[in-house]
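Since every read-out is calculated from the coordinates, none of them should be taken as a lab result. Remember, predicted model here, so these are calculated numbers, not experimental data. Cβ placement follows ideal geometry from the backbone for every residue including glycine, while neighbour counts extend to all protein chains displayed.
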Amino acid sequence: MNTCDDVSVAKATGLTKIYGKGEAAVHALAGVDVELGRGQLTAIMGPSGSGKSTLMHCLAGLDTPTDGSVWLAGADLGSMSDRALTAMRRTKVGFVFQAFNLVATLTAEENIVLPLQLAHAKVDQGWFDQIVDVLGLASRLKHRPSQLSGGQQQRVACARAMVTKPAVIFGDEPTGNLDTAASRDVLGFLRHSVDELGQSLVVVTHDPGTAVFADRVLFLKDGQVVDDLANPTQAAVLGALQADVDQAVR
Amino acid sequence: MLRAAWRDVRFHPVRFAMSVLAVALGVAFVSGTFALRAMLSSTFDGIVDSTLDGDAYVLPDDGSTYMPPWMSEVNTDGMVADSLVPLITPLDEVAVAFADYTGPVLLVGADGTRVSSGGAPSMGLVVDDAASRDQWFEITGVAPRGEGQIALEHLTAQKAGLGIGDTTTVVVAGQAPREVVVTAIVSSTNGTPFAGAVVVGMDEETARAAYAPTGAVGTIVVRGAPGTSQGDLARAVAAVLPPEANATVKTGDTLRAEARESINAELGFVSMFLMVFAVIALFVGGFIIANTFAMVVRQRLRETAVLRAVGASRRQVFASFVAQAAIVGLLGSVVGVGAGFGLVAIIRQVFAAIGMALSGAVPVTVSGLVVPVTVGVVVSMVAAALPARRASRTAPVEAMRPDSQDTQRSTWLRGTLGSVMTLAGVGCLVGAHRAGDSGGPLLGAAAGLILVGLVVAAPALAPTVVRVLAAPVAAVSKPFGTLASRNLARNRRRTASTAAALMIGMALVGATTVLASSARASVDDLIGTQIDADLLLDGNASASGIPAAAVDALADVDDAEVAMVSIAFGTIQPAGGSASDLIQVGVMNPTLITRGAFVPTIISGDLASFDEGIAVSEPVAKRMGIAFGDQVTVTLARNTPLETTTVLPVQLVYTTKGTSEDVVVAEQTMRSLFGPDAYAQVVTTWQGYVIVDPGADPAAVRAQVVDIVAPYMVVSVMDAEEFASYLSNQVQDLLKIIYALIALSLVIAVLGVINTLALSVLERTSEIGMMRAVGMGRGQLGWTMVVEGVLVASLGAVLGVSAGVGIASVIPSIAESVGLGVLSISWPSVVSLFAGAVVVGVLAALWPAARAARVPVLQALVYE
């Protein structure tokens, strides 16, 4: 049974995640239902502790939900073994984290092709060149991460996420450690990959500047989706956040 | 800050356990060595106290330190005449005096084979019921009377499976085998075991006939009358000894002290050997401890920064680390001392299993406890001090910055210094090779310089060597070889010190392998070029060699010539020169040489005309300025009542492979100088050669020879091929002990590899999580760890084996004179060492790999 149709790349129903037990139990996710569009850049926003990272981890198969189900690229993650999840991550999912993105001992090029090598897959040289070209990394391929700037490191991470042609790329604060210019660079590339290459993207962020690049913004609070904006403007995003703050003040 | 240090210990139990384990292993080796040494010497001291309980002793006046006869393989000491006893007995101060008739014996057990003493003496002595005699034993049964009866020490009886009333066979000294009845069991009054010694008692007359047919004995034992001090007794006895007796008197206390001293000197070799291993173990343990603390400090860097940010001083941070090291060191040392005693208990079981009972309890001495614990604590604190100093100097902000993993201090200085030392070592090695016989000290210097040089240079060498080693893996298993080798190169210092621990063990194994194969090749060469007999007889199984009675009986073999090679000791003195030290005098039948069984290289003289003169080996001739045709004064059986001096012409100057400096006289000359009884006391026959007459049936001759010697139990009959295997097997047995010790140091090194890998898993948690997130499977992660383990082990093996094999390859150049002149490197063994290293690497990686694979992806990702 395939519950993901042509328009959604990932879907969660009744997603619940509880950390701890009894008195100390924390409901990180309290019954979330979301469907993420194919070929869309979806941003997940929310204050610290809202459960946005947990949601992403569950959607990406990095964490197992306490209750509810997750379909990713047409497959039910709930029934998967660690081995199947690993294969899934290798082929269907790309990741861009805030830090610890690259293997320090490998060059940029080696970092980019790492998932392919882990999967014993061949490098599609044309695709590789295209990504490297778009990201402007051609002259940096032989460098080690420590010889790259923060922005360059994140672009290498983006290239690594793209190289396997995944169904979806998850970004966890991908610009969190970058200055304004570098983050605009990286976000521009992510937007480009959605528009030109039809890539599906899910980005967790608390930066409204990031959210405006998105096709859709989900607002999370206390483990629940509290708002859902399509084609957001900066004003709309700020408005939604402000509403949140107002609610809190009241 | 002390509380912070203790908290850290409590909250990171694995990290803590690893550090404790590292200390414990090093300390276990040290304390084990001390305990084993103490146990050996207390065992031998026990034997001294129970067998040497006289108040005064009459000894030959040769100025030497007393050595119990059962400690020395060949009795080169002087002797005194037992005719002195009647002069001593009537003295008022003397209760009893008797000659100590002691010597080698061979006992046949209930199963019809020789009762083995496992390296300890197999001795016969006097046991009778005269209450005034030796009182070291309690007797059960009836004391033996006459040639047909014996007593057995109770452990000997147990080992032999014999009891009172049983009949068996003994060979006493050089006499023919004879049937005897066991009439008594004796046991030591103070319960000291005899270290596995076989002890057979007989009556005085029988013992005298066997051990002192000429009346010459090692010592005369005197017991004082009640109330006489040892000093007064000794003076009274000395007063009645005639000057021509060439005898002196020592008090019992002096003699016992001398005996202990000479035993300790003998055991000193064993102790030295063990201490070398302990030092290596500590060295290796120190590496592991330093590694561990370097990692602990690195992991705690951020926490340290927080402490510094809230106001902790440098000194406090430093003190916190060092205090933690002290806790780890103390705990590890205590565990280690316990483990060391456990180790010794195991060793004692092993010794007991091969028939060598050691003193009952593992001795717990203050120095055996305090020294290893102090060493463990101090090494831990010193090992922690360096990284702690670095940590305390890190600026708080710098430490808080994430991921500064790629920073690497330069290894240029260490690389240069180490290379210079290694090259200097290689220079010494070449020098040692050129120097030949006298190259020993140079070789030692070379070994030290090369090994220390490699340890120093290892961090600089590691990245390149690892990359080369990883190339094949990287080629077939794309990201893993690269990942593993780069990980190792990233922490080159840690990689180098982990590998260094293994390197030292591997160098020892490599060197030992070369020694073993060279020894075998040398033996083959010796037999191939210098011995051309059809059969060889060997009496090394007994401390007294081939019994004289067997030698006599062998003269009757038909269709063959049988000739013996015997050894005596004496001095030689050229006309107008001074006398030599005591040297070995070979006693041979000239037909042996003329028929080609033994083929020396002749420098001057003619083999065929060698008969009643003396043959002198070239080194002795050179040193003493002796030439062909000179007249030489030869003194044999020095410092004994049998002492004989004669003048012989030098008829041959020769050189041989594998024989030490010596001289040879013809058997006939020797026999005419001494009567048959004295000949048997002065000369020990170790080997014999049988040359079958042309046309005779060798198998028939062999059957005859075997029939004659079989009852003596100690004579092996071998052809050249069997003899070669036999000689090299003796070497192999020795090597087994060395291998066992090396195995222990390797175990420590392997634990070091495990420790390093496991801690690097902890350290790389976030990187591991990220790689798992982008699709690295558990198996692949484990495989990366295994490759890392194998690479570290191979690095150690490459450096160690090359160093060990290289150093040992020079030994034949300097050890030719002791029979190890042929270099042979067994390449299959060397290859198997590398294979072993790979296995070691895999084994060491298993646990860390499993640990890494079990890390949940998400937890790893959000770690810290």
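Which of the three applies to chain B, rounded, prolate or oblate, going by the alpha-carbon gyration tensor with a ≥ b ≥ c and a/c under 1.5 meaning rounded?
Prolate is the answer for chain B, as a/c is 1.5 or above and a/b outweighs b/c.
Would you mind classifying the range A:5-84 by shape? Square roots of the alpha carbon gyration tensor eigenvalues, ordered a ≥ b ≥ c; an a/c under 1.5 is rounded, otherwise it is prolate if a/b is larger than b/c and oblate if not.
Oblate.
Ignoring solvent entirely, what values of log10 I(q)/I(0) come out of the Debye formula for the protein assembly as shown at 0.06, 0.08, 0.09 Å⁻¹ when each Cα is a single scatterer?
For the protein assembly as shown, the Cα-only Debye profile gives -0.67, -0.93, -1.08.
Under 16 Å from the 7 Å Cα→Cβ point of B:T646, by amide nitrogen: which residues of the range B:664-686?
Counting backbone N atoms under 16 Å from the label point, the list is B:664-684.
Kindly put A:R155, A:R140, B:R315, B:R764 in sequence by how many other C-beta atoms sit within 10 Å of each C-beta, fewest to most.
Placing the least packed residue first, the sequence is B:R315, A:R140, B:R764, A:R155.
Taking the Cβ-Cβ separation of B:S826 and B:I603 as r and a Förster radius of 35 Å, what is the calculated FRET efficiency to the nearest 0.05?
Once the sixth-power term is evaluated, E becomes 0.55.
Just counting partner chain Cβ atoms within 10 Å, what average do the residues of peptide B:764-771 show around their Cβ?
Average per residue, whole number: 4.
In whole angstrom, how far apart do the alpha carbon centroids of the range A:156-209 and the range B:147-169 sit?
92 Å
By count of other Cβ within 10 Å, fewest leading, how are B:L823, B:L526, B:L125 ordered?
On the way: B:L823 16, B:L526 21, B:L125 24.
Sorted ascending by nearby Cβ count, the order is B:L823, B:L526, B:L125.
Cross-link partners among lysines for B:K159, C-alpha distance below 25 Å, same-chain residues fewer than 8 apart left out?
B:K736
Here are some pairs, A:K17/A:K165; A:K92/A:K165; A:K21/A:K52; which of them have Cα atoms lying more than 18 Å apart in this structure?
Violating the 18 Å limit, Cα to Cα: A:K17/A:K165; A:K21/A:K52.
In chain A, if every C-alpha pair distance is counted and binned at 5 Å from zero, what percent goes to each bin?
In order of increasing distance, the bins hold 1, 6, 14, 17, 19, 17, 12, 8, 4, 1, 0, 0 percent.
Using a 10 Å cut-off on Cβ atoms, rank the peptides B:241-254, A:42-55 from the highest mean neighbour count down.
So the peptides B:241-254, A:42-55, ranked by packing, come out A:42-55, B:241-254.
Sort B:632-639, B:92-99 by the packing proxy (mean of other Cβ within 10 Å over each peptide's residues), most packed first.
Ranking the peptides B:632-639, B:92-99 by packing returns B:632-639, B:92-99.
Order of B:F723, B:F293 from fewest to most other C-beta atoms within 10 Å?
In increasing order of surrounding Cβ atoms, one gets B:F723, B:F293.
Mind giving me the FRET efficiency for B:L843 and B:T113? R0 is 41 Å, r the Cβ-Cβ distance, nearest 0.05 is fine.
Working from the Cβ atoms, E equals 0.50.
Show which aspartates and glutamates lie in cross-link reach of A:K221 when reach means a straight Cα distance below 12 angstrom and same-chain residues fewer than eight apart are skipped.
A:D244
The range A:58-138: D in µm²/s via Stokes-Einstein (Kirkwood Rh, Cα pairs, 37 °C, 0.692 mPa s)?
224 µm²/s
Inside 10 Å of the C-beta atoms of B:179-185, what's the mean count of C-beta atoms belonging to other chains? Kindly include the intermediate steps, with their values, before the conclusion.
Numbers: counts 0, 0, 0, 0, 0, 0, 0.
Averaged over the peptide's residues, the number is 0.
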